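Read through the structure below, which is laid out as C-alpha cells, and then see the notes.
The numbers here are math on the coordinates, done by the rules we state, and not lab data. None of the values given here were measured: they were computed from a predicted structure. We place every Cβ from the backbone using ideal geometry, glycine too, and count neighbours over all the protein chains shown.
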Amino acid sequence: MRTSLNADELRQWLRYEPETGLLYWTRSRRGPAFCGAVAGYTDRFGYVLVKFKQRNYRAHRIAFALMNGSAPDIVDHINGNRADNRWSNLRVADAAINAQNIRRARADNKATGKLGVSVAPSGRFQARIMVNKRSKHLGNFDTPDQAHAAYVEAKRRLHRGCTL
C-alpha cells in the first residue's frame, strides 16, 4: 500500500515546474540539498526519487500531488520515459493501461529483440499480443520486422494505453 502524500506539506518544501518536470527545494535543509536546488536523483530503474521525511518518493507521484492535491494509485509516463516528469507526460492509469504502455522488448527476448515477436516452432516469426489477460495469435511472418509491424498495428487498435 502506498503512503499518501500530503500536498500541503510537500508545498512547504518543494516547488514543481510542469513544463520541465523538475522539482526544486524551497527550503534549506541539512545535507546536499539547499534552497533552489533540483530535488531528487535517478534510481537504477530510471525513476527520479526524492527523499522527503526519511522516505523515498517517486517524483512523478509528488508532481501529481502538488498539481492535484493528491496522487492516484498509478501515475503513468505516457512516453515511457520514467525520468520525464513533465505534466504533459503524466496521466492517471489503471494497472491494465500501465502494463500496455510497454515500448520495447524485454531484455530476455534475445531471439528477435522485437516487441511482441518470438520464433515459432516452424522457424518463422510469430506475433502475439495480450488482450484481456489472454494471448492472441496475430500470425506467422517471414521476417521479425513484418511480425513486429503486425503487433504494433494490433497494439494501436486493441490497447487503449498504447502510445506507439
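The label point for R27 and the one for K136, both projected 7 Å from the Cα toward the Cβ, are 5.2 nm apart. Where is the GNM fluctuation largest for the chain (alpha-carbon springs, 10 angstrom cutoff): S88, S118, S135? Among S88, S118, S135, the largest mean-square fluctuation in the Gaussian network model of the chain belongs to S135.
GNM remark for the chain: springs join alpha carbons under 10 Å apart, and the peak mean-square fluctuation among G123, G113, G69 falls on G123. About its Cα centre, the dipole of the chain is roughly 360 debye, where the only charges are +1 on Lys and Arg Cβ and -1 on Asp and Glu Cβ.
In the chain, the calculated helix contribution to ellipticity at 222 nm averages -6500 deg cm²/dmol per residue, counting -39,500 (n - 2.57) for every DSSP H run with n ≥ 4.
Once the Cβ-Cβ distance of N6 and N109 is raised to the sixth power relative to R0 = 35 Å, the FRET efficiency obtained is 0.25. Measuring r between the beta carbons of R55 and A95 and using R0 = 22 Å, the FRET efficiency lands at 0.45. One entry in (i) 28, 17, 15; (ii) 40, 16, 12; (iii) 26, 18, 15 is semi-axes √(5λ) of the Cα gyration tensor in Å calculated from the shown coordinates; its label is (ii). Of the cross-linked pairs K53/K133; K110/K136; K110/K133, those separated by over 30 Å at the C-alpha level are K53/K133. Length available on full extension from C162 to A149: 0.36 nm per residue minus the Cα-Cα distance, which gives 3.3 nm.
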